[in-house]
1. From the phi angles alone, apply the Karplus equation (6.51, -1.76, 1.60; θ = phi - 60°) to segment 123-129 and give each ³J(HN,Hα) in whole Hz, x where the residue is Gly or Pro.
2. Please find the FRET efficiency linking Leu198 to Lys458, where r is the Cβ-Cβ separation and R0 is fixed at 41 Å, and quote it to the nearest 0.05.
3. Counting DSSP beta bridges with both partners in the chain, what percentage is antiparallel, nearest 5?
4. Could you sort Tyr36, Tyr59, Tyr79 by their accessible area in this structure, using a 1.4 Å probe and putting the largest first?
5. Considering Cα pairs under 8 angstrom that are at least six residues apart, work out the relative contact order of the chain and quote it in whole percent.
6. Each residue of segment 130-142 in turn: what ³J(HN,Hα) in whole Hz from Karplus with 6.51, -1.76, 1.60 and θ = phi - 60°, glycine and Pro shown as x?
7. Where does the chain land on Rg(C-alpha)/(2.2 N^0.38 Å)?
8. When DSSP assigns beta bridges and you keep just the ones with both residues in segment 180-333, what percent turn out antiparallel, to the nearest 5?
Amino acid sequence: METFDIVVIGAGPGGYPAAIRAAQLGAAVAIVEREYLGGTCLNWGCIPTKALIAGGDLYAKIRHAEALGITVKGAVANYAAMIGHKDKLVVQMRGGIKQLLTANGVKQFTGTAAFKDRTTITINGTETVTAKKTIIATGSTSAVPGFLPKHDRVVESRRFLELTDLPESLIVLGGGFIGCELACMAAQCGARVTIVELLEDILMLLDGDVRREVRAHMEKDLGIRVLTGKALTDIHADDRGVDGKYGDELVEAQLLLCAIGRKPVTDGLELANAGVKLTDKGFIVTDDFCRTNVANIFAIGDVTGKTQLAHYATAQGVTAADNAINKSPHKHETLVPNVIFTSPEIGTVGISEDDAKKQNRAIHTGKFRFAGLGRAMAVGETSGFVKWIADAGTDQLLGAQVVGPHATELVAQATIAIRAEFTVKELGNTIHAHPTFGEAWMEAAHAVHGEAIHAPPKRKK
Ligand code: FAD
């Protein structure tokens with residue numbers, strides 16, 4: 001039986017960086033993956049969605065190119081070809097991960113890993129390895145409620161991303177980030193889309209002003225119907241279509257995409273044999289050092305039920321590998337930027353204005369709309385804004401939200417500033433290149449104290 005210092009279970013964005021990090025630190029490492037290298041993120045999540053969204057965005061830009069003096073005739077969104085682009089990219093990137101693991105000397109096993117005891121792991125019930133330490137990174141999968149009919153016309157995100165035909169009409173059940181991203185992409189490519197969200201609004205984790213901005217664009221520019229505050233009930237699917245009741249209204253479409261949340265993947269792991277504790281929702285209990293209740297077993301990523309994002313899984317993976325090998329353990333970072341590739345894009349980091357108010361924290365905010373920027377006007381992308389949330393006493397930057405062009409890139413700048421504990425003044429005094437979208441952060445910092453140059457002063461009461 002082979003013995004490894006570290007066995008990683010699951011090769012998603014949590015698991016494969018953990019394996020590489022452990023190998024960099026000199027450990028003998030194995031990784032076990034039962035499907036494809038890259039996990040949900042590469043195969044059915046971040047990357048495939050962004051490959052399709054890139055097509056949807058480009059198609060939308062082409063249709064608005066006239067405003068910049070460019071006439072494009074005969075542009076067609078060929079959805080099957082877009083899926084082909086996505087599939088090619090995914091296969092190419094899987095190959096890249098395999099090369100990285102091999103180059104770092106990580107032994108790769110294909111199959112389902114299961115615990116026989118705390119240090120013995122079986123693979124597909126046939127091979128057995130000994131693991132001095134194990135890092136569990138088995139991720140999550142779509143939660144599909146039992147009340148949904150089992151029919152080809154009812155899909156979750158993984159199946160949706162395999163379809164080569166975009167339906168003419170689509171109901172998206174759930175207004176979280178996965179539902180809203182795919183709804184925008186489908187609408188940009190010509191589908192009639194209805195989102196039904198039980199809560200009072202879509203994207204409820206965002207500040208109200210950001211939600212209003214994005215929802216208005218989704219409704220007015222993309223023609224998406226957004227129905228909130230009530231469940232879709234009496235859902236029925238047959239060969240002609242799918243429908244459900246939103247109050248008294250019958251909502252009909254060719255396809256229903258269920259995007260109501262994610263549940264942990266622990267099936268087949270036989271965690272009870274190792275004594276690993278779960279929460280009442282089935283996630284693995286861990287501390288900030290990525291440790292489970294069992295001394296030699298760590299867990300990271302979506303299966304821990306904390307922030308379910310790829311870059312957070314990676315940060316945890318690197319921390320878990322460090323802690324499994326080094327003697328002085330360290331906590332993983334907790335400042336996690338969040339990016340949402342809707343149209344318009346969204347980026348957030350740190351505390352939100354709404355949460356700060358709920359916590360009775362003394363804050364002040366500064367907002368700057370892209371419409372006040374030369375670059376935004378030059379490229380015809382003027383909607384949206386950036387916003388700082390800062391401590392009213394110390395002026396330290398605590399949070400930021402951005403909605404509009406390049407928001408998913410712009411949030412990186414805010415993340416660094418908050419991580420470096422910049423104050424509003426320091427950020428405002430930092431020279432930003434002109435003409436760029438990034439100047440909005442500088443102006444918004446000045447706006448905290450009513451000193452933005454390219455915005456009219458607030459009227460005195
Ligand atoms: P996963 O990526 O789920 O990987 C777990 C791996 O473990 C899988 O490959 C699985 O096959 C394997 N496995 C499970 N059990 C076993 C076993 N017993 N033995 C062996 N192998 C096993 N996040 C972002 O940050 N940005 C985005 O833009 C983004 N977009 C998304 C879009 C969609 C549609 C979805 C569904 C998710 C998106 N996410 C995004 C979330 C992101 O994909 C997850 O947070 C991330 O993949 C979690 O990584 P992980 O390593 O914890 O698990």
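The values are calculated or read from the model by the stated rules, or taken from the named source; none is laboratory data. None of these values were measured; they are calculated from a predicted model. Cβ sites come from the backbone with ideal geometry, for glycine too, and all protein chains shown count toward neighbours. For the accessible areas, the whole protein counts, side chains as well, though only heavy atoms, and no ligand, DNA or RNA atoms are used. Shrake-Rupley method; radii C 1.70, N 1.55, O 1.52, S 1.80 Å.
1. Taking θ as phi minus 60°, the curve returns 10, 6, x, 10, 8, 10, 10 Hz for segment 123-129.
2. Numbers: r = 37 Å, r/R0 = 0.91.
Computed FRET efficiency for Leu198 and Lys458: 0.65.
3. Restricted to the chain, the bridges split so that about 55 percent are antiparallel.
4. Reading off the accessible areas and sorting them downward yields Tyr36, Tyr59, Tyr79.
5. 15 percent
6. For segment 130-142, the Karplus curve yields 9, 10, 5, 9, 10, 10, 8, 9, 8, x, 9, 9, 4 Hz.
7. 1.05
8. Around 75 percent of the beta bridges assigned by DSSP in segment 180-333 are antiparallel ones.
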